[in-house]
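Participant: Pasting in a structure now, in structure tokens, and then I'll have a few things to ask.
The values are calculated or read from the model by the stated rules, or taken from the named source; none is laboratory data. What you are looking at is a predicted structure, and each value in this text was computed from that prediction instead of being measured. Quick reminder, even Gly has a Cβ in these numbers, built from the backbone with ideal geometry, and neighbours come from all protein chains shown. For the accessible areas, the whole protein counts, side chains as well, though only heavy atoms, and no ligand, DNA or RNA atoms are used. Shrake-Rupley method; radii C 1.70, N 1.55, O 1.52, S 1.80 Å.
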Amino acid sequence: LSFFQKEGHEIALVGNFRPSLGGSEYLHCLHGLIEGEIPKIDLEDESNLQKTILEFNDKKLIFSAKDISLGGLLTALCKKAVPKNLGFDITLSELPKFNRLDETLFGETSSSVIITYEKNSAKEIRQIAEKNKLNVFHLGVVTSDNKISVKELDFTENLNELKSIYDNSLEFVFQ
């Protein structure tokens, strides 16, 4: 499944996170730009990620997984939250530091996914990922308070506002 399943599940990003704003939805939607180099696909990273996710599934270690290609990290987290009205409380402190915050939040990349899991699986998840030459960045926790929160930004938003936009986005496109 691609969306959050239960309050209290841990959230992590698995992969060699290299976000780029080149050719991104962010540049197009917010700035009207279609430019820049799109993220390159590292076939070894992609193969390692697929093996890793399959092993997580085989061992029943994860409850959801969602790629962060279209729209980037924050968009993927919101897409995971909307279906079951579950929020999230995250921190960016474990992620690599990039020149721009918008690159971290909305930069698109290949070979990276957001997973959810029980806290007691963290060590095994990290071992499997590292065995496959991938990073694990702990982000936070799934919440039931219908809010999304990013600690470093002192940002909290009600999920219902975003859900309305998400559910009705095609209507906006065709008006």
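Participant: Working only within the stretch 82-102, note down all residues that are in contact with a Ser or Thr (Cβ under 9 Å, 6 or more places away or on another chain), on the phi < 0 side of the Ramachandran plot and touching a residue at least 24 places away in the same chain (Cβ under 8 Å).
Facilitator: Of everything in the stretch 82-102, those that are in contact with a Ser or Thr (Cβ under 9 Å, 6 or more places away or on another chain), on the phi < 0 side of the Ramachandran plot and touching a residue at least 24 places away in the same chain (Cβ under 8 Å) turn out to be Pro83, Leu86, Gly87, Phe88, Asp89, Ile90, Leu92, Leu95, Pro96, Phe98.
Participant: Outside any helix (DSSP H, G or I), modelled with pLDDT under 95 and of a type in the set (Asp, Glu): does that describe Glu152? Before the answer, list the steps.
Facilitator: On the way: outside any helix (DSSP H, G or I): no; modelled with pLDDT under 95: yes; of a type in the set (Asp, Glu): yes.
Criteria not met by Glu152.
Participant: Ser64 - would you say it is under 14 Å from the mean Cα position of the chain (by Cα) and within 21 Å of Val141 (Cβ to Cβ)?
Facilitator: Numbers: under 14 Å from the mean Cα position of the chain (by Cα): yes; within 21 Å of Val141 (Cβ to Cβ): yes.
So Ser64 fits the description; yes.
Participant: Being surrounded by fewer than 19 Cβ atoms within 10 Å (Cβ to Cβ) and either of a type in the set (Phe, Trp, Tyr) or touching a Gly at 6+ places or on another chain (Cβ under 6 Å) (or both) is true for just one of Asn146, Asn85, Asn135. Which residue is that?
Facilitator: Result of the check over Asn146, Asn85, Asn135: Asn146.
Participant: Is it true that Leu70 is at pLDDT below 95, of a type outside the set (D, E, K, R), within 17 Å of Ser111 (Cβ to Cβ) and open to solvent by 50 Å² or more (accessible area, probe 1.4 Å)?
Facilitator: The answer is yes for Leu70.
Participant: Could you please find all residues in the stretch 110-136 being over 18 Å from Lys51 (Cα atoms) and in contact (Cβ under 8 Å) with a residue 60 or more places away in the chain? Spell out the reasoning first.
Facilitator: Narrowing the stretch 110-136 to residues over 18 Å from Lys51 (Cα atoms): 118-120.
Across the stretch 110-136, the qualifying residues are Glu118, Lys119.
Participant: If a residue must be part of a helix (DSSP H, G or I), open to solvent by 60 Å² or more (accessible area, probe 1.4 Å) and closer than 28 Å to Lys84 by Cβ, how many such residues does the stretch 6-47 contain?
Facilitator: Here the count works out to 3.
Participant: Next question, about the same structure. Consider only pairs whose beta carbons are under 7 Å apart and that are at least six residues apart or on different chains; among these, list those whose first residue lies in the stretch 28-39 and is acidic (Asp, Glu) and whose second residue is part of a loop (DSSP other than H, G, I, E, B).
Facilitator: Qualifying pairs under 7 Å: Glu37/Gly22.
Participant: Have a look at Asn99, Asn158 and point out the one that is over 18 Å from Ala12 (Cα atoms) and surrounded by 12 or more Cβ atoms within 10 Å (Cβ to Cβ).
Facilitator: Values: Asn99 fails: surrounded by 12 or more Cβ atoms within 10 Å (Cβ to Cβ).
Within the list Asn99, Asn158, the selection yields Asn158.
Participant: Select, from Phe17, Phe56, Phe63, the only residue that is more than 18 Å from Ser111 (Cα to Cα) and in contact (Cβ under 8 Å) with a residue 24 or more places away in the chain. Let's see the steps before the verdict.
Facilitator: On the way: Phe17 fails: more than 18 Å from Ser111 (Cα to Cα); Phe56 fails: more than 18 Å from Ser111 (Cα to Cα).
So the residue among Phe17, Phe56, Phe63 that is more than 18 Å from Ser111 (Cα to Cα) and in contact (Cβ under 8 Å) with a residue 24 or more places away in the chain is Phe63.
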